[in-house]
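The values are calculated or read from the model by the stated rules, or taken from the named source; none is laboratory data. None of the values given here were measured: they were computed from a predicted structure. No Cβ is skipped: glycine too gets one built from the backbone with ideal geometry, and neighbour counts run over all protein chains shown. Just the protein is used for accessible areas: all its heavy atoms, side chains included, with ligands, DNA and RNA removed. Shrake-Rupley method; radii C 1.70, N 1.55, O 1.52, S 1.80 Å.
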Amino acid sequence: MARHWVPPPPVHSLIATLIGPFDPQSTCVLYSAIPPEIRNRILSFALYSYDDISRPYPDRSYYSRPGYRYHQHISTNLLATCRRIYSETHDLPVSQNEHVFWGMSYRGPSRNIRSSPRWFFHKLTIEQRSAVVHVHLFTQLRWLESNNFQKVCELDDVHPQHLTITVRHTDWWGWETDTPLVMKYNWMDHLKYMKKLETLDVELETMEQNKDQVFNAGLIL
């Protein structure tokens, strides 16, 4: 008998356990001499993801493309410096960085954790889930039009404001045999579960000789 995956119970971040006044760090130059708006930008820049040049993606992989040539890394040592900095920055690694998924696991880079969006988000704390802002899906149409996308939209406590969906030229139905481009739009019905969604960007890619089909791709029920 097949075993159904049961998500772990959600837990709180460390921020939920910090009680009482924090040391204002008045002797620290960061807080005593630098204006708040500049300090906030410094802290924000320190927690953006960046290319890990020691871990490049294979050149001929499905997922190596402009802007996505390397595994990403976030240096979070800043969060361990003091309580004040942690209280002001604890959600930035989640909120300001794009969360990228590649549909079928074999079409994306290998990771230390499973590449499924459901598995990834269920590993986040309650506070981290609520801080998710931007999700980017590189996905085959068969994944998008199946219940896989529905399950992502229905995730509890994960309601991104921005969703980007990229359909690459190898993601269309029958791309190997140059089948005319057709996209169903039943998957759009599931967007209603993303309660905070403000913007949806759908990027449709294909080979140069088929570019006119992108503008005329038949949308069917």
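For a quick check of your reading of the filter: which chymotrypsin sites (Phe, Trp or Tyr not before Pro) in segment 1-82 sit in a DSSP loop and have no more than 10 other Cβ atoms within 10 Å?
Details: sites: W5, F22, Y31, F45, Y48, Y50, Y62, Y63, Y68, Y70; in loops: W5, F22, Y48, Y62, Y63.
Sites meeting the loop and neighbour criteria: W5.
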ask   = Just in segment 14-106: which trypsin sites (Lys or Arg not before Pro) are loop by DSSP and have at most 14 other Cβ atoms within 10 Å?
value = R60, R69
request  = Work out the length of the dipole vector of segment 48-97 about its Cα centre, built from +1 on the beta-carbon of each Lys and Arg and -1 on the beta-carbon of each Asp and Glu, and round it to the nearest 20 debye.
outcome  = 80
ask   = What's log10 of I(q)/I(0) for segment 60-189 at q = 0.12, 0.20 Å⁻¹, Debye sum over Cα points only, no solvent?
value = -0.54, -1.28
Listed residues T76, L47, L92: farthest to the positive end of the dipole of the chain (Cβ charges) = T76
request  = Pick out which of P93, P36, P66 has the largest mean-square fluctuation in a Gaussian network model of the chain, springs linking Cα atoms closer than 10 Å.
outcome  = P66
Modelled label reach - Q161, point 7 Å along Cα→Cβ, segment 172-199 residues with backbone N closer than 20 Å = 191-199
task = Please name whichever of W172, T206, H190 sits farthest to the positive end of the charge dipole of segment 156-221, dipole taken about the Cα centre and charges placed at Cβ: Lys and Arg +1, Asp and Glu -1.
result = H190
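Run lengths n ≥ 4 of DSSP H only: what is the helix-derived mean residue ellipticity at 222 nm for the chain, with -39500 (n - 2.57) per run over all residues, to the nearest 500? Each step should come with its number before you reach the end.
Details: 9 runs with 55 residues, N = 221.
The helix-only estimate for the chain comes to -5500 deg cm²/dmol at 222 nm.
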ask   = What is the set of long-range amide H partners of H136 at a cut-off below 5 Å, with H atoms built 1.01 Å from backbone N?
value = H99, V100, F101, T164
key: Lys, Arg +1 and Asp, Glu -1 on Cβ, resulting dipole of the chain about Cα centre, debye, nearest 20   = 600
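Could you calculate the FRET efficiency of L14 with Q209 from 1/(1 + (r/R0)^6), where r is the beta carbon distance between them and R0 is 45 Å, rounded to 0.05? Mind dumping the intermediate values first?
Working: r = 54 Å, r/R0 = 1.20.
The computed FRET efficiency comes out at 0.25.
Skip the ligands, DNA and RNA, and give the accessible area per residue of the chain with a 1.4 Å probe, whole Å².
Values: 13570 Å² over 221 residues.
In whole numbers, the chain has 61 Å² accessible per residue.
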message = Spelling out what I want: for every residue of segment 194-208, take phi, set θ = phi - 60°, compute 6.51 cos²θ - 1.76 cosθ + 1.60 (Karplus), and round to whole Hz; glycine and proline get x.
response = 8, 5, 9, 5, 10, 10, 10, 10, 10, 9, 10, 10, 7, 6, 3
inquiry  = Quick check on the chain: of the DSSP beta bridges with both residues there, what percent are antiparallel, nearest 5%?
reply    = 20
task = Once you have all Cα-Cα distances for the chain, histogram them in 10 Å bins from zero and send the whole-percent values.
result = 7, 27, 31, 21, 10, 4, 1
request  = At most 12 other Cβ atoms within 10 Å and a DSSP loop assignment: could you name the chymotrypsin sites (Phe, Trp or Tyr not before Pro) in segment 144-221 that fit?
outcome  = Y185
request  = May I ask for the angle, rounded to the nearest 10°, between helix 36-46 and the longest principal axis of the chain, with both axes built from Cα atoms and the value confined to 0 to 90°?
outcome  = 50
query = Among S75, S32, S130, which one shows the biggest mean-square fluctuation in a GNM of the chain, springs joining Cα atoms closer than 10 Å?
reply = S32
